[in-house]
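**Q** First the structure, which I've put down as structure tokens, then a few questions once you've had a look.
Read-outs: derived from the displayed coordinates by stated rules, not from any lab. Since the structure is predicted, the reported quantities are computational estimates derived from the model, not experimental observations. Ideal geometry is used to build each Cβ from the backbone, glycine not excepted, and the neighbour counts take in all protein chains shown.
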């Protein structure tokens, strides 16, 4: 899934899971989500979907729907290509990442 | 033919004024966290500059006025979201009760119908 997407990588020391973030460059919740990942020192890949071409957006949306059965919203956190969270809710992200104590 | 038109005639302060005026008009509160408000104002300004209108910064869509009227800020769904959740989809506009609670906005369900999205 998403092998073709031009992800940027944010480096971190926590690499236990494959973490992908679908974000918008204009979205404040996306920024808060990225700050959360940074504060936890989590390595992740991200893409600002609003900067993709219409064809790329369509393909990304199609792949997400095929995998998860619904539309991706922003931010969307994808963990190990299996679990996902729509929107930034800190407790839910921590749970998906296995970081809740 | 696309009807969006890039514009460069507004400043960040103009956008913040627009946000405050909209809140006054509809009797909402603006999110008290200044950094969060600043980020949303930046997002609105960026969308204004590339599309020519204040498209919601938390949704991706056509970037075309005739398709995206429902998500021009403040969006069509704002009042219902504030009534149900105390906040709009972006967390920019709040009910006065929510603003006084010192809770921070977080993600709420998307109310925009699926058929409104371009992809």
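**Q** What are the residues in the range B:1-50 that are within 12 Å of the chain's Cα centre (by Cα) and part of a loop (DSSP other than H, G, I, E, B), if any?
**A** B:31, the sole residue that qualifies.
For every residue, the table says whether it meets (1) more than 14 Å from chain B (Cβ to nearest Cβ); (2) touching a strand residue (DSSP E or B) at 6+ places or on another chain (Cβ under 6 Å); (3) free of Cβ contacts under 8 Å to residues at least 12 places away in the same chain.
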| site | (1), (2), (3) |
| --- | --- |
| A:21 | no, yes, no |
| A:44 | yes, yes, no |
| A:51 | no, no, no |
| A:62 | no, no, yes |
| A:75 | no, yes, no |
| A:90 | no, no, no |
| A:98 | yes, no, no |
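**Q** For residue B:38, indicate whether it is within 12 Å of another protein chain (Cβ to nearest Cβ) and surrounded by fewer than 19 Cβ atoms within 10 Å (Cβ to Cβ).
**A** Taking the combined requirement at face value, the residue satisfies it.
**Q** Let me ask something additional. Which of the following residues is farther than 23 Å from residue B:85 by Cα and loosely packed, with under 14 Cβ neighbours inside 10 Å: B:12, B:45?
**A** Numbers: B:45 fails: loosely packed, with under 14 Cβ neighbours inside 10 Å.
Among B:12, B:45, only B:12 is farther than 23 Å from residue B:85 by Cα and loosely packed, with under 14 Cβ neighbours inside 10 Å.
**Q** While we're here: Of the residues that sit in the range A:64-73 and are under 12 Å from the mean Cα position of the chain (by Cα) and part of a loop (DSSP other than H, G, I, E, B), which one is farthest from the other protein chains (Cβ to nearest Cβ)?
**A** Top of the filtered list is A:72.
**Q** Still on this structure, I have one more. Quick check on my filter: what residues within the range B:60-75 are in contact (Cβ under 8 Å) with a residue 12 or more places away in the chain, within 20 Å of residue A:71 (Cα to Cα) and over 9 Å from the mean Cα position of the chain (by Cα)? Walk me through how you get there before you give the answer.
**A** Initially, the range B:60-75 is screened for residues in contact (Cβ under 8 Å) with a residue 12 or more places away in the chain, giving B:61-68, B:70-75.
Still in the running and within 20 Å of residue A:71 (Cα to Cα): B:61-63, B:67-68, B:70-71, B:75.
B:61, B:62, B:63, B:67, B:68, B:70 - these are the residues of the range B:60-75 that are in contact (Cβ under 8 Å) with a residue 12 or more places away in the chain, within 20 Å of residue A:71 (Cα to Cα) and over 9 Å from the mean Cα position of the chain (by Cα).
**Q** Identify all residues within the range B:109-119 that are more than 9 Å from chain A (Cβ to nearest Cβ) and surrounded by 14 or more Cβ atoms within 10 Å (Cβ to Cβ); write none if there are none.
**A** Matches in the range B:109-119: B:111, B:112, B:116.
**Q** What number of residues within the range B:82-108 are more than 16 Å from residue A:27 (Cβ to Cβ) and within 14 Å of chain A (Cβ to nearest Cβ)?
**A** Final tally of qualifying residues: 3.
**Q** Hey, another quick one. Any idea which residue in the range A:23-42 is nearest to the other protein chains (Cβ to nearest Cβ), counting only those that are in a loop (DSSP other than H, G, I, E, B) and over 20 Å from residue A:95 (Cβ atoms)?
**A** Among them, the one singled out is A:26.
**Q** May I pose another question? Take the residues in the range B:77-108 that are out of contact with any helix residue (DSSP H, G or I) (no Cβ under 7 Å at 6 or more places or on another chain) and more than 18 Å from residue B:24 (Cα to Cα), then tell me which one is surrounded by the fewest Cβ atoms within 10 Å (Cβ to Cβ).
**A** B:102
**Q** Oh, and also: Residue B:53 versus (1) touching a strand residue (DSSP E or B) at 6+ places or on another chain (Cβ under 6 Å); (2) free of Cβ contacts under 8 Å to residues at least 12 places away in the same chain: which is the lone unmet condition?
**A** Looking at each condition in turn, residue B:53 falls short on (2).
**Q** I need the full set of residues from the range B:62-76 which are part of a loop (DSSP other than H, G, I, E, B) and crowded, with 19+ Cβ neighbours inside 10 Å, in order please.
**A** If we filter the range B:62-76 for residues that are part of a loop (DSSP other than H, G, I, E, B), which is where we start, we get B:62-68, B:73-76.
B:62, B:63, B:68, B:73, B:74, B:75 - these are the residues of the range B:62-76 that are part of a loop (DSSP other than H, G, I, E, B) and crowded, with 19+ Cβ neighbours inside 10 Å.
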